[in-house]
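The values are calculated or read from the model by the stated rules, or taken from the named source; none is laboratory data. Here the structure is a predicted model, which is why all the values come from computation and not from measurement. Glycine also receives a Cβ, built like all others from the backbone with ideal geometry; neighbour counts cover every protein chain displayed. We work out accessible area using only protein heavy atoms, side chains counted, and drop any ligands, DNA or RNA first. Shrake-Rupley method; radii C 1.70, N 1.55, O 1.52, S 1.80 Å.
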Amino acid sequence: ISEPSDIHAIEIDETSGTILSLLYPDAKVDIQGFEKTRIPNGSVDLAITNVPFVTGLNVEDTTGDKDLSRKFRYIHDFCIAKNVRKLREGGIGIFITSNGTLDNSRKLREWVVGAGGADFVGAFRMNNQTFGGTSVTSDIIVIRKRVNGRKSPYAIDVSTVTGERTVQYETGETRKIKGQDVPVVKQLAMD
């Protein structure tokens, strides 16, 4: 896939960006914030990103998407919205994000299926130990830009989060029962 593709990568960290440009010499690598990167609307077939997990960080876009940085002050929601805007009809956006997108960012979710002209076609909650060194619960969400404004037959409704099932898990603690250490087991709702 990469051979006939034009790859455009954005990395704010200079060391990571330099490594990225050495690993992929044919890719265009911008070492700067996404809010400073100019990309034409409707020009991207596939966007894959690990959304910044910086709680409370506000950004101001300087490239023509200032309305999005005003509407979605937190970098987290802004990055998803800007990527959705850049998708071509039928384009796919795959976002590794915190559970805040599905649990708390109602305004973003409504924007995606409204003004964003796209549909959620996948949502996957990861174990909170998926990314070692962080205790953030992560989600992978997949968004598809509508073609001719038509809703995808694969669209899913993420307007509300409801418990799907429960599972038992060991807490790592033990308690004594009849003189023996027995693992403490609790129920966890799977949303």
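Observations, loosely collected:
- Residues that are open to solvent by 10 Å² or more (accessible area, probe 1.4 Å) and in contact with a Leu (Cβ under 8 Å, 6 or more places away or on another chain) were ranked within region 77-95; the one that is farthest from Ile7 (Cα to Cα) is Asp77.
- Asn58 polar (S, T, N, Q) and within 29 Å of Asn148 (Cα to Cα): no
- Selection from region 169-187 of residues that are in a strand (DSSP E or B) and either of a type in the set (A, V, I, L, M) or open to solvent by less than 90 Å² (accessible area, probe 1.4 Å) (or both): Tyr169, Thr171, Gly172, Thr174, Ile177, Val182, Pro183, Val184, Val185
- Annotation note: Cβ proximity below 7 Å between a residue of region 65-91 that is part of a helix (DSSP H, G or I) and a residue that is among the β-branched types (Val, Ile, Thr) and open to solvent by 20 Å² or more (accessible area, probe 1.4 Å) (sequence gap 6+ or interchain) occurs for Ile75/Val54; Cys79/Thr49; Asn83/Thr49; Lys86/Ile39; Lys86/Val44.
- Test set (1) closer than 21 Å to Ser16 by Cβ; (2) part of a loop (DSSP other than H, G, I, E, B); (3) within 19 Å of the chain's Cα centre (by Cα) - Gly56 fails condition number: (1)
- The number of residues in region 1-49 being closer than 16 Å to Ile94 by Cβ, exposed (fewer than 13 other Cβ atoms within 10 Å of the Cβ) and polar (S, T, N, Q) comes to 2.
- Hits in region 50-75 (condition: modelled with pLDDT of 90 or more, over 18 Å from Ile96 (Cα atoms) and open to solvent by 70 Å² or more (accessible area, probe 1.4 Å)): Glu60, Thr62, Lys66, Asp67, Arg70, Lys71
- Any hit, region 129-137, residues being of a type outside the set (Ser, Thr, Tyr), out of contact with any helix residue (DSSP H, G or I) (no Cβ under 6 Å at 6 or more places or on another chain), under 28 Å from Thr55 (Cβ atoms) and not in a loop (DSSP other than H, G, I, E, B): no
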